[in-house]
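Enquirer: This structure is in structure tokens; I'll ask about it shortly.
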């Protein structure tokens with residue numbers, strides 16, 4: 001009798017353990033959470049007409065402003081993506097080998113202007129009902145982006161065919177997000193306060209998304225506006241970088 005009771009207890013424990021591991025999905029396959037490797041833009045790809053204003057107000061040199069912006073957007077994008085994906089940010093990885101990998105990446109890529117994937121490959125709007133026409137959607141997206149000047153983005157061309165596969169082996173990444181360029185542009189035509197000389201500025205982050213096989217999944221420029229009298233570097237990042245990161249994350253999730 002004692003042997004029978006022990007057998008029943010063992011069977012029950014085995015059943016509970018199996019269900020805890022396999023509940024809610026196919027028990028024949030383990031769930032795989034995609035991992036993203038975040039590659040920061042090269043320092044030379046920071047283009048801005050506002051650095052002097054920001055550096056003077058923030059009591060930083062222009063070089064420090066550029067470095068802080070580069071680290072700040074990498075941190076915010078990593079924080080945004082890490083809520084859904086596994087992530088690894090090369091700029092936040094302080095090991096010498098990560099620095100060497102960034103140097104290798106920059107030596108293995110080139111840049112070009114390309115049409116936004118949002119125009120070439122439009123998607124139905126969330127919550128939309130009824131029929132959807134891709135040709136009409138492409139035309140509508142092109143018209144909207146022509147008005148705001150966001151038709152093209154700085155894309156990346158991978159020159160070394162072994163680059164992504166070697167990075168995939170090293171970091172276990174499924175997806176690679178290249179931030180290719182950062183821009184801060186003052187729009188003199190968009191005057192918010194003529195007497196005070198306050199204009200609209202755009203912060204733009206160009207980015208390209210690839211899988212580990214080298215297939216490009218997406219490419220675009222995320223942008224947000226802020227006033228030219230906002231020159232505190234901490235406030236600029238706090239007010240704008242989370243929104244920019246969420247825009248990038250949304251398009252990665254919809255790839």
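The values are calculated or read from the model by the stated rules, or taken from the named source; none is laboratory data. Because the structure is a prediction, the values reported are computed rather than measured. Backbone-built Cβ (ideal geometry, glycine too); neighbour counts: all protein chains shown.
Enquirer: What number of residues within region 231-248 are in contact (Cβ under 8 Å) with a residue 24 or more places away in the chain and either surrounded by 20 or more Cβ atoms within 10 Å (Cβ to Cβ) or more than 17 Å from the chain's Cα centre (by Cα) (or both)?
Expert: 10
Enquirer: State all residues of region 76-99 that are surrounded by fewer than 17 Cβ atoms within 10 Å (Cβ to Cβ), touching a residue at least 60 places away in the same chain (Cβ under 8 Å) and in a helix (DSSP H, G or I); if no residue qualifies, say none.
Expert: 79
Enquirer: Give the number of residues within region 56-65 that are without any contact (Cβ under 8 Å) to a residue 60 or more places away in the chain and either surrounded by 14 or more Cβ atoms within 10 Å (Cβ to Cβ) or touching a helix residue (DSSP H, G or I) at 6+ places or on another chain (Cβ under 9 Å) (or both).
Expert: Initial filter on region 56-65 (without any contact (Cβ under 8 Å) to a residue 60 or more places away in the chain): 59, 61-64.
Now drop any that are not either surrounded by 14 or more Cβ atoms within 10 Å (Cβ to Cβ) or touching a helix residue (DSSP H, G or I) at 6+ places or on another chain (Cβ under 9 Å) (or both), which leaves 61-64.
Number of matching residues: 4.
Enquirer: In this structure, does residue 215 turn out to be within 21 Å of residue 87 (Cα to Cα), crowded, with 16+ Cβ neighbours inside 10 Å and without any contact (Cβ under 8 Å) to a residue 40 or more places away in the chain? Full working, then the answer.
Expert: Details: within 21 Å of residue 87 (Cα to Cα): yes; crowded, with 16+ Cβ neighbours inside 10 Å: no; without any contact (Cβ under 8 Å) to a residue 40 or more places away in the chain: yes.
Spelling it out, it is not the case that residue 215 is within 21 Å of residue 87 (Cα to Cα), crowded, with 16+ Cβ neighbours inside 10 Å and without any contact (Cβ under 8 Å) to a residue 40 or more places away in the chain.
Enquirer: I'd like to check something: does region 9-25 contain any residue that is at pLDDT 95 or above, assigned to a helix (DSSP H, G or I) and out of contact with any strand residue (DSSP E or B) (no Cβ under 9 Å at 6 or more places or on another chain)?
Expert: No: region 9-25 contains no residue that is at pLDDT 95 or above, assigned to a helix (DSSP H, G or I) and out of contact with any strand residue (DSSP E or B) (no Cβ under 9 Å at 6 or more places or on another chain).
Every residue, every condition in (1) within 19 Å of residue 179 (Cα to Cα); (2) modelled with pLDDT of 80 or more, yes or no:
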{"site": "48", "(1), (2)": "yes, yes"}
{"site": "54", "(1), (2)": "no, yes"}
{"site": "60", "(1), (2)": "no, yes"}
{"site": "75", "(1), (2)": "yes, yes"}
{"site": "127", "(1), (2)": "no, no"}
{"site": "136", "(1), (2)": "no, no"}
